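Quick notes on the structure that follows.
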Amino acid sequence: APLGASFLAQMGHQDRIETLPPDAVLLASSDLVAHQAWTFRDRRIYCTQFHPELNLELLLDRLRCYPVYVEETTGLDYETFVQRMCTDARDTEDMLIRFVRHVLEN
């Protein structure tokens with residue numbers, strides 16, 4: 001099932017694709033990242049810049065290891081960042097399982 005017009009997803013780094021290749025088809029974007037997900041015409045290649053493999057618990061485990069990185073990339077200390085920016089992203093928690101099913105069925 002499609003995720004819909006709007007969904008939450010876990011993000012975890014500052015690297016971004018600024019320009020998609022000419023044959024890419026944009027699938028998702030956000031206010032912070034223009035190219036959140038894309039695919040390629042006539043190829044079974046799908047890309048995301050968010051982390052469909054992470055739930056909130058795994059994201060927080062990862063962030064706890066890099067509090068200086070959190071502060072350098074966001075301008076917020078770890079605790080403030082977690083309170084303001086981190087939330088469940090239940091829409092995408094089973095995305096990889098659904099993707100594999102979709103590929104196998106098509």
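State whether one or more residues within segment 14-28 are touching a helix residue (DSSP H, G or I) at 6+ places or on another chain (Cβ under 8 Å) and either surrounded by fewer than 14 Cβ atoms within 10 Å (Cβ to Cβ) or not aliphatic (A, V, I, L, M) (or both). Yes; the residues of segment 14-28 include at least one that is touching a helix residue (DSSP H, G or I) at 6+ places or on another chain (Cβ under 8 Å) and either surrounded by fewer than 14 Cβ atoms within 10 Å (Cβ to Cβ) or not aliphatic (A, V, I, L, M) (or both). Quick one: would you say Leu60 is surrounded by 11 or more Cβ atoms within 10 Å (Cβ to Cβ) and either assigned to a helix (DSSP H, G or I) or in contact (Cβ under 8 Å) with a residue 60 or more places away in the chain (or both)? Judged against the criteria, Leu60 is a match.
Residue by residue, here is whether (1) over 10 Å from the mean Cα position of the chain (by Cα); (2) in a loop (DSSP other than H, G, I, E, B); (3) under 20 Å from Arg90 (Cα atoms) holds:
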position	(1), (2), (3)
Leu3	yes, yes, yes
Ala9	no, yes, yes
Ala34	yes, yes, no
Ile45	yes, no, no
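Taking first residues from segment 28-45 that are in the same structural domain as Asp91 (by TED's automatic domain parsing) and under 11 Å from Arg16 (Cα atoms) and partners that are surrounded by fewer than 17 Cβ atoms within 10 Å (Cβ to Cβ) and of a type in the set (Asp, Glu), no Cβ contact under 8 Å between residues at least 6 apart in sequence or on separate chains turns up. Restricting attention to segment 15-45 and to residues that are among the β-branched types (Val, Ile, Thr) and touching a strand residue (DSSP E or B) at 6+ places or on another chain (Cβ under 6 Å), the residue that is nearest to Asn106 (Cα to Cα) turns out to be Thr39. Go through Val82, Val68 for me and flag whichever is surrounded by 14 or more Cβ atoms within 10 Å (Cβ to Cβ) and assigned to a helix (DSSP H, G or I). None of the other options fit; the residue is Val82.
Per the conditions (1) in the same structural domain as Val103 (by TED's automatic domain parsing); (2) outside any loop (DSSP other than H, G, I, E, B), the sole criterion not satisfied by Leu76 is (2).
The values are calculated or read from the model by the stated rules, or taken from the named source; none is laboratory data. All values reported here derive from a predicted model rather than from experimental measurement. Glycine also receives a Cβ, built like all others from the backbone with ideal geometry; neighbour counts cover every protein chain displayed.
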